[in-house]
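In what follows, a structure is listed as C-alpha cells, so that the remarks can point back to it.
Readers should treat all values here as calculations from the given coordinates under stated rules, not as data from a laboratory. This structure is a prediction, so every number in the text was calculated from the model and none was measured. Cβ: placed from backbone, ideal geometry, glycine included. Neighbour counts: every protein chain shown.
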Amino acid sequence: MSFGFSISRRRCPEDDGRPGALLSNYVENLGSSMMRRKTALALKAARAEAELASRAKSEFIANMSHELRTPLNAIIGFSEMLKDAPRMDDTQRAQYAGYIHEAAQHLLHLINTILDTSKIQAGKLALELRPVPLDDIIEASLRLVAPRAKERNIALEWKEEALPVIQADPLRLRQVFINILSNAVKFTPEGGRVRVHVNAQDDADMVLVSISDTGIGMTEEEVEIAMRPFGRVDNAISRNAEGTGLGLPLAEALVRLHGGRLEIESKPDKGTTVRLYLPRQAPAAGKPAQRAA
Ligand SMILES: Nc1ncnc2c1ncn2[C@@H]1O[C@H](COP(=O)(O)OP(=O)(O)OP(=O)(O)O)[C@@H](O)[C@H]1O
Ligand SMILES: [Mg+2]
C-alpha cells in the first residue's frame with residue numbers, strides 16, 4: 001500500500017550516511033570538548049599557582065625586609081650615638097660597639113640563610129659530597145648547642161658510639177643538625193631534656209637520626225606553619241626567643257638535597273621528635289628527593 005509520500009531519514013550535519021558515522025562523530029566531538037575543558041582547567045590551575053607563588057614571593061620579601069631592617073636600625077642607632085657623643089666613657093663606648101658587632105653578625109647570618117634558601121629554591125645549591133663520619137658531625141653540632149643547653153639546665157643525651165660513614169656535604173649536614181638541635185633547646189623549658197638517637201642497620205640504605213625534646217611541642221597545623229619559610233608558631237617561648245623562621249625549612253630542604261627526608265612528630269606540651277632519614281649514598285649531584293606527599 002502506498003500512502004503517496006516517502007519517509008526520508010533527516011540527516012544531521014555529522015551524519016554522512018556511512019554506518020556508525022553518527023556515533024563516531026559524536027565521540028570525536030565529545031573528545032575535543034573534553035580536551036578543551038581539560039585545557040581550560042589546566043590554565044586555571046596554572047593561573048592560581050602563579051598567583052600563589054607571587055603572593056608567597058611578596059610575603060617572603062615583606063618578611064625579609066622586616067628581618068633585615070631590625071638589626072640595621074640597631075647598627076645605625078648605636079653608631080650614631082657613638083658618633084654624636086664625644087664625651088662617652090670607655091665602658092659605654094665598648095658596650096655600644098658590642099651591640100653593633102652583635103647586630104652585624106646577626107645580619108650576616110640572616111643574609112647567608114636567606115641566600116641559601118633562595119639558592120635551594122632555584123635549584124642552584126650544589127653539595128660537596130664526601131665520606132663523612134656521622135658521629136663527628138653530631139658531636140660537633142652538640143658541642144655548639146651545649147653552652148645554651150647548660151645555661152637553661154637542659155640535659156643533652158647522646159650515646160657515644162661508632163656510627164657509619166655516609167656520603168654527605170659535612171658543612172651542610174652540620175647546618176641541619178645545628179638548626180634542629182638549637183630548636184630543640186630553644187623550645188624546651190628549663191630542666192627539660194634533648195636526646196639524639198641513631199638507628200643505623202647494616203642492611204638499610206638510610207640511617208635514621210632522631211632528635212627528641214621534652215619541650216612545648218606543636219599541633220599538626222603548627223607543624224605545617226613551622227615548615228614554611230618565616231613560619232613561626234606564636235607561643236610563650238617563641239614570643240621571647242630570637243628567630244626568623246628559616247632554620248627548619250632550610251634544614252628540610254638540605255636533607256632533601258642529600259636524597260633524604262625530614263619528618264616531625266609533635267604533641268603540644270609533650271615534646272617534639274624530628275626524624276632525619278639520611279641515605280648512606282647521597283645522589284651524585286645533590287639531586288633533591290621527592291617531597292613526601
Ligand atoms: N623542637 C621544637 N619544639 C617546638 N616548636 C618548634 C620546634 N622546632 C621548631 N619549632 C617551631 O617552628 C618554628 C620555625 O622553626 P625555625 O627553626 O624555622 O625558626 P626559628 O627557630 O624561630 O628561627 P631561626 O630562623 O633562627 O631558626 C619556630 O619558631 C617554633 O615555633
Ligand atoms: Mg630555628
Projected-area average for the chain over all orientations - Cα convex hull basis, square nanometres: 29.6 nm²
Hydrodynamic radius of the stretch 47-121 per Kirkwood, over alpha carbon pairs, in Å: 14.6 Å
Alpha carbon convex hull of the stretch 130-279, volume per residue in cubic angstrom: 102 Å³
Residue among 50, 184, 74 with the largest mean-square fluctuation in a Gaussian network model of the chain, springs linking Cα atoms under 10 Å: 50
Net charge dipole size for the stretch 154-293 [Lys, Arg +1 and Asp, Glu -1 on Cβ; Debye, nearest 20]: 320 debye
Dipole in debye (nearest 20) - the chain, about Cα centre, beta carbon charges: Lys, Arg +1; Asp, Glu -1: 1200 debye
Sequence-separation-based contact order of the chain, relative, with Cα cut under 8 Å and 6+ spacing, percent: 15 percent
Computed over the stretch 150-293: relative contact order in percent, which uses C-alpha pairs under 8 Å that are six or more apart: 27 percent
Candidates 220, 128, 28: whichever shows maximal mean-square fluctuation once the chain is modelled as a Gaussian network with Cα springs under 10 Å: 28
Burial order of peptide ranges 271-278, 168-175, 42-49 (average beta-carbon count within 10 Å, highest first): 271-278, 168-175, 42-49
Whole-angstrom gap from the stretch 46-79 to the stretch 119-157, using each part's C-alpha centre: 27 Å
Extreme residue, positive dipole direction of the chain, given options 107, 26, 180 (C-beta unit charges): 26
In the stretch 130-279, lysine pairs with alpha-carbon atoms under 18 angstrom apart (chain gap of 8 or more, or interchain): 4
On Cα atoms only, tilt of 90-121 relative to the major axis of the chain in degrees: 20 degrees
